[in-house]
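Okay, so here's the structure we're looking at.
The values are calculated or read from the model by the stated rules, or taken from the named source; none is laboratory data. Every value quoted in this text rests on a predicted model; they were computed, and no experiment measured them. Methodologically, a virtual Cβ is constructed for each residue, glycine included, from the backbone with ideal geometry; neighbour enumeration extends over all protein chains shown.
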Amino acid sequence: MTESKTVTESPSDPFNVDFWHKRWEENRIGFHKSEINPHLLRQIEKMTGQSLTAEPIRDSAQFLENSKKTWFVPLCGKTMDIPYLLSQGFRVFGLEASTLAIEALDEEHSLSLIYNDETKLFTGADGRLQIYTGDFFTCPIEKFGPFDYVWDRGSFIAVEYSFRKNYIEVMQRALRNPDGSWYSFKYLMDSVQYDKSKFGGPPRSVDDEDMEQFFKPWCSIQRVESEVIPEDDRVAKAACGKALCHIYLLTPL
């Protein structure tokens, strides 16, 4: 699907919030995975230092210890990764513009979410889950961080190319200590790479120059996975050629 080619940036909706609202309203959510993301499962030990599986953690002491750590999942949608991380004991902070997505997440996983209109927060899972509903770029993210882990499962590659600088500014605010120093975070990012002249996205391509420009000034970058996207995948088809998936592990300099 290449609907985004017809969506243009405008002063009234510079970050295409209305575009994503419409996608959820029309149930055009091909980006949603109905399983725990396999990249997250493969990299969870690098992130946490624990050999975790897809099954809920059974060690009550470790569950309690994990509850001291928080994952930030930007543009979270109704990802299966949220109930998975909760099942391992972790706290999760999500950010999502569409209340339809959050309500679907709640209904499908019985999270007992309660909404506070003043804070714009949905809270559930015995207080271990918070989801801010609203525009990613205007969220006062520094009030909720800094976060121990970030799982960017399709957020950076969803935003317009021209707003990537704004995106990075939000992420940096999410990962700084109150004194301005970097928190000791681990940031896992799922990305795609293809010929940008062939396809406008989303998802939008991330190449070596992008990583150099947006992340190298403040992160140590490690590419932990790479794979060729199958030719019959919609991204490969839209890009009219080779498309790759790269997973990066980012840590503070």
Practice problem: Working only within the stretch 45-80, note down all residues that are touching a residue at least 24 places away in the same chain (Cβ under 8 Å), closer than 23 Å to Ser184 by Cβ and either touching a Ser or Thr at 6+ places or on another chain (Cβ under 8 Å) or assigned to a helix (DSSP H, G or I) (or both). | Solution: Lys46, Met47, Thr48, Ile57, Gln62, Phe63, Leu64, Glu65, Asn66, Lys69, Val73, Pro74
Quiz item: Does Asp152 fit the bill of being closer than 30 Å to Gly49 by Cβ, within 19 Å of the chain's Cα centre (by Cα) and among the charged types (D, E, K, R)?
Solution: yes
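For every residue, the table says whether it meets (1) over 17 Å from the mean Cα position of the chain (by Cα); (2) among the β-branched types (Val, Ile, Thr); (3) at pLDDT 95 or above; (4) exposed (fewer than 11 other Cβ atoms within 10 Å of the Cβ).
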| residue | (1), (2), (3), (4) |
| --- | --- |
| Asn27 | yes, no, no, yes |
| Pro38 | no, no, yes, no |
| Ile44 | no, yes, yes, no |
| Gly49 | yes, no, yes, yes |
| Gln62 | yes, no, yes, no |
Self-check item: Single unsatisfied condition, Ser184 versus (1) modelled with pLDDT under 95; (2) touching a strand residue (DSSP E or B) at 6+ places or on another chain (Cβ under 9 Å); (3) of a type in the set (Gly, Ala, Ser)
Solution: (1)
